[in-house]
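Below is one structure, written out as structure tokens; comments come after it.
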Amino acid sequence: MNAAQSKAAAIIVAAGSGSRTGGDVPKQFRTVRGKPMLRHSVEEFLQHPAFGPIIVVVAPAHAELTAQLLEGVEGITFVQGGAERKDSVNNAIQYLDNLSFNGMTFIHDAARPFLSSAVLDRLLDALASSDGAVPALPVVDSLSRANTNSILSEAVERAGLFRIQTPQAFHHQVISKAHATWNSEKVPTDDARMAMAAGYKVVFVEGDENLAKFTFADDFGREMGQAAKMHDVRTGTGFDVHRLSKGEELWLCGVKIDHEYGLAGHSDADVALHALTDAVLGAAALGDIGDHFPPSDMQWKGASSDRFLAHAIKLASGAGFRVTHLDVTIICEAPKIGPHKQAMRARVAEIAAIEADRVSIKATTTEKLGFTGRGEGIAAMATATLVK
């Protein structure tokens, strides 16, 4: 088995019309937590070390839009969708068949954006002893049948009932045979059902409530409501300073600014992102930027500081926290920050995967006092609010 075959493949289905959510844009392309819904899943698979081929199945009418929304993301392949979901998945399976792929294949709905590495790990472990595996959660609500007049009839026993989620994982030859032998006149409920019909054993692993599918317009309101809930609220602060120097680029909040002076430092010296990184780490009690990105480590020389903030947020997420608000104040005499505020706000929101209205960018001077007043450097102070 070569290196490519030893990696699992991910098929992300994004070819649906999303008609039940309404709006002019299909749900998988709408913005959730600061980025297109589809991009959340793509990035989660890409950053997991077990995955190699990442295939996005998209309708021809949305191919250009998909490419725009995933601009800058490397390592993905686009496959054309079909008339039905099973046709879209089959097109991706055939693409892998043509590569003689024989690893593990994960099939995921783009409408379930909040995928976690923990779920992926559980599925990978389950495939060591089964043909296929799916994430699932037990049904906890009371169940009952009802007639066409909305009159309740008999209760349905919920013991042994589970809500099936995606991604659904299989050894590739299993799901390839399942699709090839499926009765085309029937509409399968999911890929696991197709594998079971072909005689394969499919087990379930613990799912994740965050994997809830976006189906109706109200689901977007549900997400906003969940994001606003305050259970365990943490606040962290950060402060950083870098000197101004000729011959350096000036990066602030992930935005490159034309100026005769730039900030000097081991990385790109983005003082604002450094302050935000420390604020996030502080709120989650995970140390500081020097602990995770020491200047003595040459791999961070000249590094883009968006990596620092994104990593801090991932660490906080692993500890069960979600970023709900970021605030940064940039302290300098020049350049003027006002013309760049909106671009900065959008960039920080993108890095943090939150809505732009949860990011505040401010600027002030020290009235010519101190090192910032003399134009010797730029300082930034930041506050991060996290909830659990």
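Distances between placed amide hydrogens fall under 5 Å for residue 242 paired with 378, all partners being 5 or more residues away or on another chain.
Treating the beta-carbon of each Lys and Arg as +1 and of each Asp and Glu as -1, no other charges, what is the dipole magnitude of the chain about its Cα centre, to the nearest 20 debye? Please report the intermediate quantities before stating the final value.
Values: 38 positive and 45 negative charges, 92 e Å.
Here the size comes out at about 440 debye.
In the chain, taking the dipole from charged Cβ atoms about the Cα centre, the farthest positive-side position among 156, 279, 146 is held by 146.
Place a +1 charge on the Cβ of each Lys and Arg in the range 3-220 and a -1 charge on the Cβ of each Asp and Glu, then give the dipole magnitude about the Cα centre in debye, rounded to the nearest 20.
Values: 19 positive and 24 negative charges, 35 e Å.
The calculation lands at about 160 debye.
The charge dipole of the range 256-388, taken about its Cα centre with unit charges on the Cβ of Lys, Arg, Asp and Glu (plus for the first two, minus for the last two), comes to roughly 300 debye.
Note on the chain: with a GNM built from Cα contacts shorter than 10 Å, the maximum mean-square fluctuation among 175, 257, 54 falls on 257. When the chain is treated as a Gaussian network with alpha carbon springs shorter than 10 Å, the biggest mean-square fluctuation among 374, 33, 112 belongs to 374. Given R0 = 30 Å, the distance between the Cβ atoms of residue 125 and residue 315 translates into a calculated FRET efficiency of 0.85.
Applying the criteria of a DSSP loop state and at most 14 other Cβ atoms within 10 Å to the trypsin sites (Lys or Arg not before Pro) of the range 330-362 yields 336. Under a 5 Å amide H cut-off, with hydrogens placed 1.01 Å from N, residue 204 pairs with 134 among residues at least 5 apart or on other chains. Relative to the longest principal axis of the Cα atoms of the chain, helix 172-181 runs at roughly 50 degrees. Close amide H pairs (under 5 Å, H built 1.01 Å from N) link residue 54 with 10, 77, residues at least 5 positions away or on another chain.
If you filter the range 337-372 for GluC sites (Glu not before Pro), then keep DSSP loop positions with at most 13 other Cβ within 10 Å, what is left? Please report the intermediate quantities before stating the final value.
Working: sites: 350, 355, 367; in loops: 355, 367.
Loop-located and lightly packed - 367.
When the chain is described by a simple charge dipole with +1 on each Lys and Arg Cβ and -1 on each Asp and Glu Cβ, the residue from 51, 211, 384 located farthest towards its positive end is 211. Computed over the chain with a Gaussian network model linking Cα atoms closer than 10 Å, the most mobile of 295, 36, 113 is 295.
Taking all pairs of distinct Cα atoms, average 1/r, flip it, and tell me the Kirkwood hydrodynamic radius of the chain in Å to one decimal place.
Working: mean 1/r = 0.0432 Å⁻¹.
By the Kirkwood definition, the hydrodynamic radius is 23.2 Å.
The distance between label points at residue 298 and residue 143 comes to 6.1 nm (points 7 Å beyond Cα on the Cα→Cβ vector). Taking the C-alpha atoms only, the angle from helix 85-98 to the longest principal axis of the chain is near 80 degrees.
Any idea what diffusion coefficient the range 268-313 gets from Stokes-Einstein, in µm²/s, Kirkwood Rh on alpha carbon pairs, 10 °C, 1.306 mPa s? Walk me through the numbers on the way to the answer.
On the way: Rh = 10.4 Å.
Answer from the Stokes-Einstein relation: 152 µm²/s.
For residue 99 and residue 206, the FRET efficiency from 1/(1 + (r/R0)^6), where r spans their Cβ atoms and R0 equals 25 Å, is about 0.20.
Every number here is computed from the coordinates shown, using simple stated rules; none is lab data. Just so we're clear, the structure is a prediction, and the values are computed from it rather than from any experiment. A quick note on method: Cβ atoms are made from the backbone with ideal geometry, for glycine too, and the neighbour counts reach across all protein chains shown.
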